[in-house]
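Take a look at the structure set out below.
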Amino acid sequence: MIRYFDGQARSGTAASLIIWYEGVLVGQITLGGITYGALRSAHIGYWIDERYAGRGIVPRSVQLVVRHAFDHLRLHRLEINFRPENQASLRVAEKCGFLYEGERKSFLYIDHGWRDHLSYVLFE
């Protein structure tokens, strides 16, 4: 997995980062699907240990990745996509200023099936 993430980072298509909190590895955040040219876009994905959820760690991590994507990579559009039942990710997206764009039917194959997702976007 580390080799895969390293290869993506070297190719410039993704950046996967560990989230540390008080010296403990508590999660991961990825700026993935980085596309340049006319689109200049990427998506953000993350996970956090449930024992550390609700402390503002993920929103802060998202904000840092957003600043990097817009200020250093000069991207124009960022997405966060999550399953409709994921209320925690809805709060993260809204807290970070992402706007609801729509529903993506059968967007990702998860847990033995194609799952719908909500799409939230942020523009530079």
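Bear in mind these aren't lab numbers, they're just calculated from the coordinates by the rules spelled out. Given the structure is predicted, the values throughout are model-derived calculations rather than measurements.
Whole Å is fine, so just give me how far the alpha carbon centre of the stretch 102-117 lies from that of the stretch 47-73.
One Cα centre to the other: 23 Å.
May I ask for the equivalent-ellipsoid semi-axes of the stretch 53-124, computed as the square root of five times each C-alpha gyration tensor eigenvalue and listed largest first in whole Å?
Rounded to whole Å, the semi-axes are 22, 15, 11.
Compute the semi-axes of the equivalent ellipsoid of the chain, taking the square root of 5 times each eigenvalue of the Cα gyration tensor, and list them largest first in whole Å. Walk me through the numbers before you get to the answer.
On the way: eigenvalues 78, 75, 52 Å².
So the equivalent ellipsoid measures 20, 19, 16 Å along its semi-axes.
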